[in-house]
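Peer 1: First the structure, then my questions, so here it is.
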Amino acid sequence: MKNIIIFGAPGSGKGTYSDEIVAKYNMGHISTGDVLRGEIKNGTELGNIAKGYIDNGQLIPDELMIDILAKTYDALPKGQGVIFDGFPRTIPQAEALKKMLAERGDDMGMMIELVVGEDVLMARLLNRAKEQGRADDNEETIKKRFAVYHSQTAPLAEWFEKEGIRNTFTWKGSKELMLSEIFAAIEEQK
Ligand code: ATP
Ligand code: MG
């Protein structure tokens with residue numbers, strides 16, 4: 001199985017579709033958000049640093065993230081493919097990922113971009129706030145995360161386009177429809 005990068009705004013469904021893809025293809029899964037929340041929960045030094053950024057809707061500095069990503073990747077079984085959920089989020093992270101994989105004889109595989117309108121995203125995240133109580137799922141921090149996404153992360157879509165691996169899926173009101181389109185693209189390219 002190829003590697004997959006799943007890309008989209010906060011609340012676009014990266015984690016949700018990743019879980020479905022992982023279940024179907026038995027791949028590895030790296031959610032950088034989950035890794036960071038685990039560190040915070042365990043009260044590690046990294047967790048303490050990350051918390052300040054996350055609660056403020058900002059990105060963790062690239063050098064730190066790149067280091068975490070490489071360590072997490074190397075801890076996974078080889079040859080099964082990995083889905084990268086929430087990484088890369090900046091151009092330097094994308095360049096670092098490409099280099100890190102090349103050094104290991106691997107590549108980025110395919111990129112799946114999820115496009116969802118901001119009104120839908122806001123409604124989902126406020127609903128998740130009720131269900132999961134994530135500290136950064138409040139209206140003020142969500143707005144900051146959207147702004148960070150537009151300024152630092154969204155431009156990366158073009159970067160993936162130039163790499164020739166961008167596959168865009170636009171929300172049309174149904175998770176099942178999205179999933180069937182995503183699975184069809186994976187089947188074509190895996
Ligand atoms: P969702 O999971 O619903 O798509 P999200 O993209 O906002 O929403 P996570 O991916 O869980 O959520 O990330 C939560 C926070 O963790 C981010 O706002 C950021 O502070 C930090 N974070 C996660 N991944 C990275 C990354 N690659 N670079 C920098 N910061 C990151
Ligand atoms: Mg997530």
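The values are calculated or read from the model by the stated rules, or taken from the named source; none is laboratory data. Worth saying up front: this structure is predicted, and the values here are computed from it rather than measured. All Cβ positions, glycine included, derive from the backbone under ideal geometry; neighbour counts span all protein chains shown. Just so you know, the surface numbers come from the protein's heavy atoms only, side chains and all, with ligands and any DNA or RNA stripped out. Shrake-Rupley method; radii C 1.70, N 1.55, O 1.52, S 1.80 Å.
Peer 1: Could you name the aspartates and glutamates whose alpha carbon sits less than 13 Å from that of LYS190, not counting residues in the same chain fewer than 8 places away?
Peer 2: ASP107
Peer 1: Have a look at PRO77, PRO88, PRO155 and tell me which one the Gaussian network model of the chain (Cα, springs below 10 Å) gives the largest fluctuation.
Peer 2: Highest fluctuation of the listed residues: PRO77.
Peer 1: Counting only protein heavy atoms, what percent of the accessible surface of the chain is carbon or sulfur at a 1.4 Å probe?
Peer 2: 51 percent
Peer 1: Using a 1.4 Å probe, what is the accessible area per residue for the range 88-190, in Å²?
Peer 2: Counting only protein heavy atoms, the per-residue value for the range 88-190 is 54 Å².
Peer 1: Below 18 Å, Cα to Cα, which lysines can LYS71 reach? Residues fewer than 8 away in the same chain don't count.
Peer 2: Correct list for LYS71: LYS98, LYS99.
Peer 1: Let me ask something else about it. As an exercise, find the ratio Rg/Rh for the chain from alpha-carbon atoms, using the Kirkwood inverse-distance average for Rh.
Peer 2: My calculation of the ratio gives 0.93.
Peer 1: Would you kindly work out the equivalent ellipsoid of the range 1-66 from its C-alpha gyration tensor and give its semi-axes, the square roots of five times the eigenvalues, largest first in whole Å? Please report the intermediate quantities before stating the final value.
Peer 2: Numbers: eigenvalues 120, 35, 25 Å².
Working from the Cα gyration tensor, I get semi-axes of 24, 13, 11 Å.
Peer 1: With the calculation restricted to Cα positions, what are the radius of gyration and Dmax of the range 104-190 in angstrom?
Peer 2: For the range 104-190, the Cα-based Rg and Dmax read 15.5, 43 Å.
Peer 1: Once the Cα gyration tensor of the range 59-156 is found, what semi-axes does its equivalent ellipsoid get, as square roots of 5 times the eigenvalues, in whole Å, sorted largest first?
Peer 2: 28, 15, 14
Peer 1: Dipole of the chain, Cα-centred, from +1 at each Lys and Arg C-beta and -1 at each Asp and Glu C-beta, to the nearest 20 debye? Write down the numbers at each step before the final one.
Peer 2: Working: 24 positive and 30 negative charges, 45 e Å.
With Lys and Arg at +1 and Asp and Glu at -1, about 220 debye.
Peer 1: Under a plain spin-label model, where a point goes 7 Å from the Cα along Cα-to-Cβ, how far apart in nm are ASP119 and GLN58?
Peer 2: For the pair ASP119/GLN58, the computed spacing is 3.3 nm.
Peer 1: Given only helices, namely DSSP H runs of n ≥ 4 each adding -39500 (n - 2.57), what is the per-residue ellipticity at 222 nm of the chain, to the nearest 500 deg cm²/dmol?
Peer 2: Mean residue ellipticity at 222 nm (helix-derived): -17500 deg cm²/dmol.
Peer 1: How much area per residue is accessible in the range 1-71 when the probe is 1.4 Å and only protein heavy atoms are counted (Å²)?
Peer 2: 45 Å²
Peer 1: Excluding residues on the same chain fewer than 8 positions from LYS143, give the lysines whose Cα lies under 28 Å from its Cα.
Peer 2: LYS14, LYS41, LYS51, LYS130, LYS172, LYS175
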